[in-house]
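Down below is the structure, laid out as structure tokens.
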Amino acid sequence: MNVSLFITCLGDHFYPNAGRATVELLERFDCDVDFPATQTCCGQPAFNSGYHKDAKKAAKQTITAFQESEYVVTPSGSCAAMLHEYSHLLSDDKEWEQKAEALAEKTFEVTEFLVNVLGVEDTGARFQGTATYHTSCHMTRLLGVKDAPMKLLENVKGLEMIDLPNKHDCCGFGGTFAVKMPQISTEMVQEKADCVRETNADILIGADAGCLMNIGGKLSREKSGVRVMHITEVLNHQ
Amino acid sequence: MSRGTVQNRTSFLNNIAEKMGRARVDHVERPVYKHRPQWEVYADATADELLDVFKEQCQHIHTDVIEVEKSGVARAVAETFGRYQAESYLMWDDPRLKDVGLDDRFQEQMKQLDVDTFIWNPVSDDNIRVAEQATVGITYSDMTLAESGTVVLFSSSEKGRAVSLLPETYIAIIPKSSLVPRMTQATYEIHQRVENGERLPSCINFISGPSNSADIEMSLVVGVHGPVKATYIVFDDE
Amino acid sequence: MPLRVGSDAFAERVDTGLEDAFMRGAVRSAQERLRERKHTSSEQLGDWEAWRDHGEEIRTHTLNHLDYYLEQLSDNIAEMGGHVFFAETAEEANAYVREVARKKEAKKIVKSKSMVTEEISLNEVLEADGREVIETDLGEYILQIDDHDPPSHIVAPALHKNRSQIRDVFTERKGYSKTDDPDELTRFAREQLRQEFLDADLGITGCNFAVAESGSISLVTNEGNARLVSALPKTQVTVMGMERIVPTWEELDVLVSLLCRSAVGQKLTSYITGLTGPKTEGEVDGPEEFHLVIVDNGRSKILGTQFQSALHCIRCAACVNVCPVYRHVGGHAYGSIYNGPIGAVLTPLLDGYENNKDLPYASSLCAACTEACPVKIPLHEHLIAHRQIITEKEKLGSMPERWSMRLFGTGVSRSKLYRLASKNAHLALKPWTKGDRISSGPSLIKEWTRSRDLPAPSRDRFRDWWMRRGKGEGQDE
């Protein structure tokens, strides 16, 4: 199976380990992974801020970069959801709209891909520790991926999962929201960090770099000692 | 009854049609809806099962339920008067109430106990004052909804709205055969009346327990502008 | 009270909200309680998603044929001797009601809760005409006697006040002398208001849904005040937003079921009251005269646009109750009587962008609102659409933001440029980097690092690793 990795801009720069783990996981399950060099950003910062002309440029760039791919897999629920949004964004141009639909059909968030396409629920990972999982909003509500991450995490040997209180609440990242409405964002991430600490877990696991930067940044500022990991790092751990 | 007035309509509605980008239409067919989940709720429940649902729900809405044989209704009412320390009661001028024993003899008995009887009287000016001062209001339930613990009252000249509203406490007399699963069955029947060209009663009330409010700190207070307490007396009429 | 309330700038209102510890505690506990109750009561309905789908298809059909159903409604009401006035503007609606009150020489007017009358400032108009207007919903009553404090929640207008504040208001304004126990406070309000109902010459109600087929209006309440307002005064005026209508009683069932569960987690509220025309021959209670005022006030501008589904709103506040932004800033921060996510969508539509351009940004786009909406309004998508209009059409975005987005658009559409910037990202931020993190950064990053650290961009990006792995793609040029 040929899989193209969409690393995402945050993943590339802030969580390169998640990208590496994704590649290794996919290869372990017999995927032939490639990395189209012309990929950039999914365009979400511009799209969510209302700059749709600029977002369209990013959309077209991404569509073109992955035009030849059989599957596109990304370690981000939020960016995967954005790729699914392209066909609406480009709906005033039939040709691009069709290309966007084709991209959406073959694009998957990595845990969704593992569980629903590859049929993998146990990656054979081992990880000693207690962890709690943050469900990111875009992954659950926009992309509709709700169960795959927990299915995979439950099968990690040695890992004890603790339910995160108020997990349905947003962490306050919201892309540009975090810098446009910093006070409100701060209150939201404070609440989330408090919930994480309440679990006494050693590790906070997430499937979106944005949320992890945000909650991790708060936990780091508070010198909480809680380690933040992308889900692929845990699933790839031996 | 003289026809009422309608003002400003044409330009108002033309504007709506224009904004919708179409001409005004003479006829609209109600669609065949794709979803009809309301008909599935308690669809196969027996009368006894519906009664169980009803009683369970009444616990949540602060309403006492008394189950009796038809011959026991009057006694149950009298006992409820005792609990409510009734000095007087007001009831609909409804043959169905007489039929379950709230008749002349009952009124006589109440008089012995210093409980005054008032019957809603279409030709008197005094109803509202009486209703305001009566301790208990009594009505018959025209339809009864199991799911929500609701009695449905159709107003008429003999069946005043104030009886279930102004007295401090309220008793509804409910024949078991009037139980239906939920609001769906009641609104269906009302819809059928409209289809048959009937004019609806000027007031149809769906009453579920005593009045309440949570406007102060979301803390539930039972008894605001309507009755403070409510009792449903369900009798077996089969 | 007009649609827009308060004069402070958005940022100041947010500050005020964030500093109000009581309000935030009250909102938080209310949200938690309602979430739980809604969850339980929705589950008991069976397939909640099928219910939402049904709600959506009913609202879509009705709004698409709104003129037809409003015509049917008004014909049916006139047939029964009621009067219907179609008001394109707030002024027309207010003038009509003022005229009815004058004709009836109404000294005392009792009112049950109605958002649309808040929106058009009806009370002010009637009061200026020398009439006493009494709000009878407990929450509205509290706000009214506290110098017209604006509502902060669509369903629970006095949510921002605590019991001791309410006791003080009752004591100062109404001579109350008991404790701050909600039962006692409520009992007092009941006693205060009972005589007002009996004395009132005119009753004004809102309308949850009108029913076209029978010319009925419905009121969904718990306190019983709307029943009193519609049963006792000789004249009743009902004011409805033009979109608050269903074709038949069958659709009423579905929307009322969705409303009660979504708003307060009840299967049905204590009273669902269907009123059809004035009282009939021989009836003792109920109004002799019935007037329905159907208000546009900017709603028709929304029809036929990408925002049409905003008119599907049934005012349940489910979106408000799940919104984390609302939880922290409270209702007053929105500066509109419509607050929370639906307020952020509706207010700019009804009142324009100029004064409300911050509202669509008061969301992390977490989509909890969209998920909660019982009639499936895509609220977060509407917020994004607003942002697009604000930035691209109204050009109300700041210059630095516009430039950075233009730069972004250029950067991400030219992969060489992107890779160049990418490669140098860690260098650009080097002066602020300590170890693996940035604790105090420049410009926009400063806003971030005020309260949290930012991981430093990795010197060894994914791309670098990939290149070393020898597959030969993705390298920098």
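So B:Ser156 clears everything in (1) more than 9 Å from chain C (Cβ to nearest Cβ); (2) polar (S, T, N, Q); (3) within 27 Å of B:Gly101 (Cβ to Cβ) except one condition, right? Which one?
Unmet condition: (1).
Taking the stretch C:227-272 on its own, how many of its residues are of a type in the set (A, V, I, L, M, F, W, C), more than 9 Å from chain B (Cβ to nearest Cβ) and under 23 Å from C:Gly81 (Cβ atoms)?
Adding up the residues that qualify gives 6.
Please verify whether C:Ile384 is within 28 Å of A:Thr64 (Cα to Cα), aliphatic (A, V, I, L, M) and either outside any helix (DSSP H, G or I) or modelled with pLDDT of 95 or more (or both), treating the condition exactly as stated.
When the stated conditions are applied, C:Ile384 passes them.
Which residue pairs have Cβ atoms closer than 7 Å, lie 6 or more positions apart in sequence or on different chains, and pair a first residue in the stretch C:325-337 that is not assigned by TED's automatic domain parsing to the domain that holds C:His160 with a second residue that is of a type in the set (Phe, Trp, Tyr)?
Correct list of pairs: C:Gly335/C:Phe10.
Given the criteria in a helix (DSSP H, G or I), within 7 Å of chain A (Cβ to nearest Cβ) and at negative phi, does C:Trp403 qualify?
No, not satisfied.
May I ask you to list the residues in the stretch C:32-62 that are surrounded by 14 or more Cβ atoms within 10 Å (Cβ to Cβ), at pLDDT below 90 and under 24 Å from C:Pro378 (Cα atoms)?
C:Glu32, C:Leu34, C:Arg35, C:Arg37, C:Lys38, C:Ser41, C:Ser42, C:Leu45, C:Gly46
Has the stretch A:152-175 got at least one residue that is at positive phi and without any contact (Cβ under 8 Å) to a residue 40 or more places away in the chain?
yes
Which of the following residues is out of contact with any strand residue (DSSP E or B) (no Cβ under 8 Å at 6 or more places or on another chain), of a type in the set (A, V, I, L, M) and in a helix (DSSP H, G or I): C:Ala93, C:Ala78, C:Ala50?
The match here is C:Ala50.
Of the residues that sit in the stretch A:160-184 and are surrounded by 21 or more Cβ atoms within 10 Å (Cβ to Cβ) and in contact with a Ser or Thr (Cβ under 7 Å, 6 or more places away or on another chain), which one is farthest from the other protein chains (Cβ to nearest Cβ)?
Of everything passing the filter in the stretch A:160-184, A:Leu164 is farthest from the other protein chains (Cβ to nearest Cβ).
Would the stretch B:103-115 turn up any residue that is within 24 Å of B:Glu69 (Cα to Cα), exposed (fewer than 15 other Cβ atoms within 10 Å of the Cβ), at pLDDT 95 or above and within 23 Å of the chain's Cα centre (by Cα)?
Yes, the stretch B:103-115 contains at least one residue that is within 24 Å of B:Glu69 (Cα to Cα), exposed (fewer than 15 other Cβ atoms within 10 Å of the Cβ), at pLDDT 95 or above and within 23 Å of the chain's Cα centre (by Cα).
Consider C:Gly298 carefully, then state whether it is within 20 Å of the chain's Cα centre (by Cα), surrounded by fewer than 24 Cβ atoms within 10 Å (Cβ to Cβ) and within 11 Å of another protein chain (Cβ to nearest Cβ).
In short, no.
Quick one: in the stretch B:211-230, which of the residues that are at the interface with chain C (Cβ under 7 Å from one of its Cβ atoms) and touching a residue at least 12 places away in the same chain (Cβ under 8 Å) is farthest from B:Pro167 (Cα to Cα)?
B:Asn212
Using beta carbons and a limit of 9 Å, which pairs, at least six apart or on different chains, have the first residue in the stretch B:15-35 and surrounded by 14 or more Cβ atoms within 10 Å (Cβ to Cβ) and hydrophobic (A, V, I, L, M, F, W, C) and the second one at pLDDT below 95 and part of a loop (DSSP other than H, G, I, E, B)?
B:Ala17/B:Val25
If C:Arg98 satisfies all but one of (1) without any contact (Cβ under 8 Å) to a residue 60 or more places away in the chain; (2) within 14 Å of chain B (Cβ to nearest Cβ), what's the number of the condition it fails?
With (1) without any contact (Cβ under 8 Å) to a residue 60 or more places away in the chain; (2) within 14 Å of chain B (Cβ to nearest Cβ) applied to C:Arg98, the lone miss is (2).
Residues in the stretch C:35-51 that are facing chain B (nearest Cβ under 9 Å), closer than 16 Å to C:Ile314 by Cβ and touching a residue at least 60 places away in the same chain (Cβ under 8 Å): how many?
2
Go over the candidates A:Thr40, A:Thr74, A:Thr62, A:Thr22 one by one and state the one that is under 20 Å from C:Ala425 (Cβ atoms), in contact (Cβ under 8 Å) with a residue 60 or more places away in the chain, buried (at least 24 other Cβ atoms within 10 Å of the Cβ) and in contact with a helix residue (DSSP H, G or I) (Cβ under 8 Å, 6 or more places away or on another chain).
Exactly one residue qualifies, and that residue is A:Thr74.
Taking the condition part of a helix (DSSP H, G or I), at pLDDT 95 or above and within 30 Å of C:Ala87 (Cα to Cα), does B:Glu49 pass?
Spelling it out, it is not the case that B:Glu49 is part of a helix (DSSP H, G or I), at pLDDT 95 or above and within 30 Å of C:Ala87 (Cα to Cα).
Within the set of pairs 6+ apart or on separate chains, which have a first residue in the stretch C:245-273 that is at positive phi, a second that is among the polar types (S, T, N, Q), and C-beta atoms under 8 Å apart?
Pairs that qualify, where the first residue is at positive phi and the partner is among the polar types (S, T, N, Q), are C:Gly265/C:Thr40; C:Gly265/C:Ser41.
From (1) facing another protein chain (nearest Cβ under 7 Å); (2) surrounded by 24 or more Cβ atoms within 10 Å (Cβ to Cβ); (3) closer than 28 Å to C:Gln306 by Cβ, pick out the condition that doesn't hold for A:Asp12.
For A:Asp12, the exception is condition (3).
Does B:Ala23 satisfy the condition of being more than 8 Å from chain C (Cβ to nearest Cβ), under 16 Å from C:Leu303 (Cβ atoms) and assigned to a loop (DSSP other than H, G, I, E, B)?
yes
Does the stretch C:381-394 contain any residue that is free of Cβ contacts under 8 Å to residues at least 12 places away in the same chain and more than 9 Å from chain A (Cβ to nearest Cβ)?
Looking for residues that are free of Cβ contacts under 8 Å to residues at least 12 places away in the same chain and more than 9 Å from chain A (Cβ to nearest Cβ), one finds at least one in the stretch C:381-394, hence yes.
State which residue is nearest to B:Phe235 (Cα to Cα) when the search covers only the stretch B:26-52 and only residues that are more than 7 Å from chain C (Cβ to nearest Cβ) and touching a Pro at 6+ places or on another chain (Cβ under 8 Å).
By that ranking, first place goes to B:Leu50.
Would you check if there is a residue in the stretch C:419-435 being under 19 Å from A:Ala81 (Cα atoms) and at the interface with another protein chain (Cβ under 8 Å from one of its Cβ atoms)?
Within the stretch C:419-435, none of the residues are under 19 Å from A:Ala81 (Cα atoms) and at the interface with another protein chain (Cβ under 8 Å from one of its Cβ atoms).
Could you say which residue among A:Ala37, A:Ala59 is modelled with pLDDT under 95 and either within 10 Å of chain C (Cβ to nearest Cβ) or closer than 22 Å to A:Ala21 by Cα (or both)?
The conditions single out A:Ala37.
With the condition kept exactly as written, say whether any residue in the stretch B:59-71 is of a type in the set (S, T, N, Q) and within 14 Å of chain C (Cβ to nearest Cβ).
Yes, the conditions are met somewhere in the stretch B:59-71.
Identify the residue in the stretch C:234-273 that is closer than 22 Å to C:Leu66 by Cα and small (Gly, Ala, Ser) and, among all such residues, is surrounded by the most Cβ atoms within 10 Å (Cβ to Cβ).
So the residue we want is C:Ser257.
With the requirement that a residue be surrounded by 15 or more Cβ atoms within 10 Å (Cβ to Cβ) and within 11 Å of A:Leu152 (Cα to Cα), what does the stretch A:111-123 give you?
The answer is A:Thr111, A:Glu112, A:Leu114, A:Val115, A:Val120, A:Thr123.
Of the residues that sit in the stretch A:69-96 and are in a helix (DSSP H, G or I) and among the aliphatic types (A, V, I, L, M), which one is farthest from A:Gly175 (Cα to Cα)?
In this case the residue turns out to be A:Leu89.
Can you pull out every residue in the stretch C:220-234 that is outside any helix (DSSP H, G or I) and of a type in the set (S, T, N, Q)?
If the condition is that a residue be outside any helix (DSSP H, G or I) and of a type in the set (S, T, N, Q), then C:Thr221, C:Asn222 are the ones that fit.
The values are calculated or read from the model by the stated rules, or taken from the named source; none is laboratory data. All of these numbers come straight from a predicted model, not from anything done at the bench. Heads up, the Cβs are rebuilt from the backbone with ideal geometry, glycines too, and the neighbour counts pull from every protein chain shown.
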